[in-house]
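S.K.: Input: one structure, supplied below.
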Amino acid sequence: MYPEKLVEQCMKRIQPYACEGFVWGKGPENPTFMLVGEAPGATEIEKGEPFIGRAGEMLNQFLDHLGITREEIYITSVVRSRPYKFETKHAKDGTVIQRKANRTPNQKEILAHAPLLDYQIATIRPKLIVTMGTIALHRLLGKEHQISADHGTLLHTSVLKLDSMETNTYSWTDQQYNVFPTYHPASIFYNRKLLGEIYEDLDKLRPLLHSLHDSAQHMSSK
C-alpha cells in the first residue's frame, strides 16, 4: 500500500486527462523481482488487479517458463489509471459505434503517477526490476535507452525518480538496481515475431533469478 496522501495527490493530478480507475500494485514485501508494466487496461480497472487481461494471460505463460508464480513477484506499472481514447467503429449493418480503447500514457500522466512508483521502489528495494515495454524502460532509465537494443540485458544502474513536480524534472537515485528490460507481453499481439525474442530474454533471465536467490540466501546465513 501507499501513503494515502500520495494516492490523493495522484488522483487529483490525473483529473484533467482521459484516464479512469486506479489499480494498486500487488505482491509480497520481498519479491523475487519487481515487474513494471505500462498501464492497466479495461479488465484490470474492472477487477482492480494488475496484468489480468490478454497481456496478463501471456505473462502467466512467461512466468511458467521461468518456473515462478505471480505470488513470488511484485507487479506494478508506470501509470495506475487506464489511459483511454474513443474509437469509432462501423458495424456490418452500418451502425456507428463509439467505444473506449486503450492508449499509450502521455508524459503528464506518467508524471502524475511518478511518486507512486518511486515510493514502491524505495520501499521494496527489489533485488531485480524487470521492465516490460518502452514506457517502463524510459521511465526508469531515460529515453536514451531503447528496448530493441537493451532487451535481454542485465543493467546495474541508478534509476530515475521524480525530482520536482513543479519543474517536471527527474534525478537519479543514489541506490543502484539490477534492471532487466524486455518487451511488453501485449507487443506480440501486433508483432508475433517478438515472441521468440521474449522467450530468449526469459532464458537469460532464469539463471539471473537463481543467482540472485543464492546470493540472498548466502547473505542471510551470515
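Every residue, every condition in (1) open to solvent by less than 30 Å² (accessible area, probe 1.4 Å); (2) under 16 Å from Glu38 (Cα atoms); (3) out of contact with any Phe, Trp or Tyr (no Cβ under 9 Å at 6 or more places or on another chain), yes or no:
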| residue | (1), (2), (3) |
| --- | --- |
| Lys143 | no, yes, yes |
| Val159 | yes, no, no |
| Gln176 | no, no, yes |
| Pro185 | yes, yes, no |
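S.K.: Still on this model: Give the number of residues within segment 59-107 that are within 17 Å of Leu137 (Cα to Cα) and open to solvent by 90 Å² or more (accessible area, probe 1.4 Å).
M.R.: Residues that pass the stated criteria total 1.
S.K.: From the set of residues in segment 1-23 that are surrounded by 15 or more Cβ atoms within 10 Å (Cβ to Cβ) and either closer than 30 Å to Leu212 by Cα or of a type in the set (Asp, Glu) (or both), which is modelled with the lowest pLDDT?
M.R.: Top of the filtered list is Tyr2.
S.K.: Can you tell me which residues in segment 127-176 are outside any strand (DSSP E or B), at pLDDT below 95 and touching a strand residue (DSSP E or B) at 6+ places or on another chain (Cβ under 8 Å)?
M.R.: Answer for segment 127-176, where residues must be outside any strand (DSSP E or B), at pLDDT below 95 and touching a strand residue (DSSP E or B) at 6+ places or on another chain (Cβ under 8 Å): just Lys127.
S.K.: Then there is this: Search segment 112-125 for residues being in contact (Cβ under 8 Å) with a residue 60 or more places away in the chain and in contact with a helix residue (DSSP H, G or I) (Cβ under 9 Å, 6 or more places away or on another chain), and hand back the single one that is most open to solvent (accessible area, probe 1.4 Å).
M.R.: Within segment 112-125, the subset in contact (Cβ under 8 Å) with a residue 60 or more places away in the chain is 112-113, 115-117, 119-121, 124.
Next, only the ones that are in contact with a helix residue (DSSP H, G or I) (Cβ under 9 Å, 6 or more places away or on another chain) stay: 112-113, 115-117, 119, 121.
Working: Ala112: 4, His113: 0, Pro115: 26, Leu116: 1, Leu117: 1, Tyr119: 77, Ile121: 8 Å².
Taking the candidates together, the pick is Tyr119.
The values are calculated or read from the model by the stated rules, or taken from the named source; none is laboratory data. Fair warning: this is a prediction, and the values are worked out from it, not measured in the lab. Heads up, the Cβs are rebuilt from the backbone with ideal geometry, glycines too, and the neighbour counts pull from every protein chain shown. Calculation scope for accessible area: heavy atoms of the full protein, side chains included, ligands and nucleic acids excluded. Shrake-Rupley method; radii C 1.70, N 1.55, O 1.52, S 1.80 Å.
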